[in-house]
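The values are calculated or read from the model by the stated rules, or taken from the named source; none is laboratory data. From a predicted model like this one, the values you see are computed outputs, not experimental measurements. Cβ placement follows ideal geometry from the backbone for every residue including glycine, while neighbour counts extend to all protein chains displayed.
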Amino acid sequence: MLEERASFGSKLGMILATAGGAVGLGNVWRFPYMAGQNGGAAFILIYIGCVLLLGIPCMVSEFIIGRHGASNTYRAYSKMSHGNAWKFVGLLGVLTGYLITGYYAVVSGWCLQYIYASVAGQLHGDPSFVKSYFQSFSTDPIRPIIWLVAILLITHFVIIHGVRGGIERASKLLMPTLFVLLLVIVVASCMLPGADKGIDFLFKPDFGKVDRGLFLGALGQSFYSLSIAMGCICTYASYYTRQTNLLQSAVQISVIDSLVAILAGLMIFPAAFSVGVNPDSGPSLIFITLPNVFNQAFASMPILGWVISLLFYALLSLAALTSLMSLHEVSTAFFYEELHITRDKGAVIVTVTTIIIGAFCSLSLGQFDGLRIGDKSLFDVFDFVTGQIFLPLGGFLTCLFLGWFVPKRLVKDEFTNWGTVSGRFFGVFLFLVRFVCPLAILSIFLHQFNVI
Ligand code: PHE
């Protein structure tokens, strides 16, 4: 017999927890770069359009399935489809979330190491030193794995305290802290001499750069950033109460996520441009380029540079931790409900196995050539398979399922929340989920394989 279903205790806690799942490394290391490279404000506008027209409907679809099912993602899809083959879409969501947990934890562990390195003053040196520091650390067979274990144990600790006592409580503490850190660094960065060039780069609209590739890039980024099709949204929604207005919540979460992404741009570009460095994206941005930027930008005030670097990696670690919590919960809920074991045991299975997956991913970046598949390290394979194949596939199938196969009455009941204003948008929502979202997702998928 399963214990009574947990739920979030307050609206604020529920929004912060879900937004915490969405706000992650993608907001900091990918969005600002994409915006700066692809037409600044023009990209930001298109991104916001993608969030409104595609991200929010997909998020609401997962909310509906999750809350209706009030169980892990696999079982929620199974309940909604009365046990037919659509349940495997739920299983795909769980699998995607599970596989991401291991490698996401590796990068999250690197953030913890960089907090330590900032405090210990290990990041000072010329650019080539900072680069070799990262290379030797990330390919080290031991140190990244220690941090990987540390961050997964912290996540484990939160998860075993349950939905209210663990996830909700931690999110209520961590998310406001993340915001404060973000604002402090934005202010410090924008006050540097020459910061305005960075602000220009981020916001100056250049509609000449808008083409199909950019459009699809914005679309892919909005899905990744909102954690669509990874099981996270559906799992958290299973803890929502019947009173939760799903559309309103999706809008609030998307606003928080997009705001953090834009503020991350205001944190990175002004500082980078003030020292004449052109920022890039991905791990090299946060682990190589930015330590150099901090060193140079605050060369005359080393203490301030030290503090900003520390705050920056603390912020990244918080963003990563809240995302890891949402990922961990996807598989924990799956294991404990499907195997009929306790929540604690489910969490232990997830923590132990994802440490093993993460350790292999980490080792594949070093000397362990056996851990490569073709020319890709195991780490890159996980990233590719989950982000570029499973994510679009899961999103596409979810839209088809909810739009075309679930009885309309049932979808409407969940969506309208018994007569709130959201009901007015039901027609638009259904149109987007039936036609626009599947087509858009299909085009991202085909585009990334150069088919269109
Ligand atoms: N949305 C997260 C980000 O922006 C990435 C993520 C995906 C986190 C899936 C959790 C689950 O970084």
- For residue 300, indicate whether it is more than 16 Å from the ligand (Cβ to nearest atom), of a type in the set (S, T, N, Q), surrounded by fewer than 24 Cβ atoms within 10 Å (Cβ to Cβ) and not in a helix (DSSP H, G or I). yes
- Query: Among 19, 76, which is touching a residue at least 24 places away in the same chain (Cβ under 8 Å), touching a Ser or Thr at 6+ places or on another chain (Cβ under 7 Å) and crowded, with 21+ Cβ neighbours inside 10 Å?
  - Reply: 76
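Does residue 270 meet the test of being outside any helix (DSSP H, G or I), buried (at least 17 other Cβ atoms within 10 Å of the Cβ) and not aliphatic (A, V, I, L, M)?
On the way: outside any helix (DSSP H, G or I): no; buried (at least 17 other Cβ atoms within 10 Å of the Cβ): yes; not aliphatic (A, V, I, L, M): yes.
Here the answer is no, as residue 270 does not meet what is asked.
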- Message: Against the conditions (1) within 30 Å of residue 163 (Cα to Cα); (2) in a helix (DSSP H, G or I), where does residue 284 fall short? Just the number, please.
- Response: (1)
- Task: Could you pull out the residue among 376, 345 that is closer than 20 Å to residue 152 by Cα, free of Cβ contacts under 8 Å to residues at least 60 places away in the same chain and touching a Phe, Trp or Tyr at 6+ places or on another chain (Cβ under 9 Å)?
- Result: 345
- Message: Being in contact (Cβ under 8 Å) with a residue 40 or more places away in the chain, surrounded by fewer than 22 Cβ atoms within 10 Å (Cβ to Cβ) and assigned to a loop (DSSP other than H, G, I, E, B) is the filter here; which residues of the stretch 207-227 pass it?
- Response: 210
- Residues in the stretch 15-39 that are more than 15 Å from the ligand (Cβ to nearest atom) and at pLDDT below 90 total 4
- Message: Criterion first (more than 16 Å from the ligand (Cβ to nearest atom) and either over 25 Å from residue 216 (Cα atoms) or modelled with pLDDT of 95 or more (or both)) does residue 62 satisfy it?
- Response: no
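Does residue 52 fit the bill of being in a helix (DSSP H, G or I) and farther than 27 Å from residue 439 by Cβ?
Values: in a helix (DSSP H, G or I): yes; farther than 27 Å from residue 439 by Cβ: no.
No, not satisfied.
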- Message: Between 435, 390, 445, which is within 14 Å of residue 61 (Cα to Cα), assigned to a helix (DSSP H, G or I) and out of contact with any Asp or Glu (no Cβ under 9 Å at 6 or more places or on another chain)?
- Response: 435
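Every residue, every condition in (1) of a type outside the set (Val, Ile, Thr); (2) within 20 Å of residue 229 (Cβ to Cβ); (3) in contact (Cβ under 8 Å) with a residue 60 or more places away in the chain; (4) not in a helix (DSSP H, G or I), yes or no:
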site	(1), (2), (3), (4)
67	yes, yes, yes, no
85	yes, yes, no, yes
88	yes, yes, no, no
91	yes, yes, no, no
97	yes, yes, yes, no
102	yes, yes, yes, no
140	yes, no, yes, yes
- Of all the residues that make up the stretch 356-378, how many are β-branched (Val, Ile, Thr), within 18 Å of residue 147 (Cβ to Cβ) and surrounded by fewer than 19 Cβ atoms within 10 Å (Cβ to Cβ)? 1
- Query: Within the stretch 229-244, is even one residue away from the ligand (no atom under 15 Å from the Cβ), buried (at least 24 other Cβ atoms within 10 Å of the Cβ) and either at pLDDT 90 or above or hydrophobic (A, V, I, L, M, F, W, C) (or both)?
  - Reply: yes
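Kindly indicate whether residue 52 is closer than 16 Å to residue 320 by Cα and either under 24 Å from the mean Cα position of the chain (by Cα) or surrounded by fewer than 24 Cβ atoms within 10 Å (Cβ to Cβ) (or both). Give the derivation first.
Numbers: closer than 16 Å to residue 320 by Cα: no; either under 24 Å from the mean Cα position of the chain (by Cα) or surrounded by fewer than 24 Cβ atoms within 10 Å (Cβ to Cβ) (or both): yes.
No, not satisfied.
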- Only one of (1) in contact with a helix residue (DSSP H, G or I) (Cβ under 7 Å, 6 or more places away or on another chain); (2) in a helix (DSSP H, G or I) is not met by residue 8, so which one is it? (2)
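Test of understanding: among 178, 174, which residue is in contact with a Gly (Cβ under 7 Å, 6 or more places away or on another chain), touching a residue at least 24 places away in the same chain (Cβ under 8 Å), within 21 Å of residue 104 (Cα to Cα) and not hydroxyl-bearing (Ser, Thr, Tyr)? Even if it seems obvious, please write down each step before you answer.
Numbers: 178 fails: in contact with a Gly (Cβ under 7 Å, 6 or more places away or on another chain).
That would be 174, the only listed residue that is in contact with a Gly (Cβ under 7 Å, 6 or more places away or on another chain), touching a residue at least 24 places away in the same chain (Cβ under 8 Å), within 21 Å of residue 104 (Cα to Cα) and not hydroxyl-bearing (Ser, Thr, Tyr).
Residues that are among the polar types (S, T, N, Q), surrounded by fewer than 21 Cβ atoms within 10 Å (Cβ to Cβ) and more than 16 Å from the ligand (Cβ to nearest atom): does the stretch 80-99 have at least one?
Yes, the stretch 80-99 contains a residue that is among the polar types (S, T, N, Q), surrounded by fewer than 21 Cβ atoms within 10 Å (Cβ to Cβ) and more than 16 Å from the ligand (Cβ to nearest atom).
Tell me, yes or no, whether the stretch 362-373 has at least one residue that is of a type in the set (Phe, Trp, Tyr) and within 23 Å of residue 107 (Cα to Cα).
Restricting attention to the stretch 362-373, the residues satisfying the condition of being of a type in the set (Phe, Trp, Tyr) are 368.
Those left that are additionally within 23 Å of residue 107 (Cα to Cα): 368.
Yes - at least one qualifying residue is present in the stretch 362-373.
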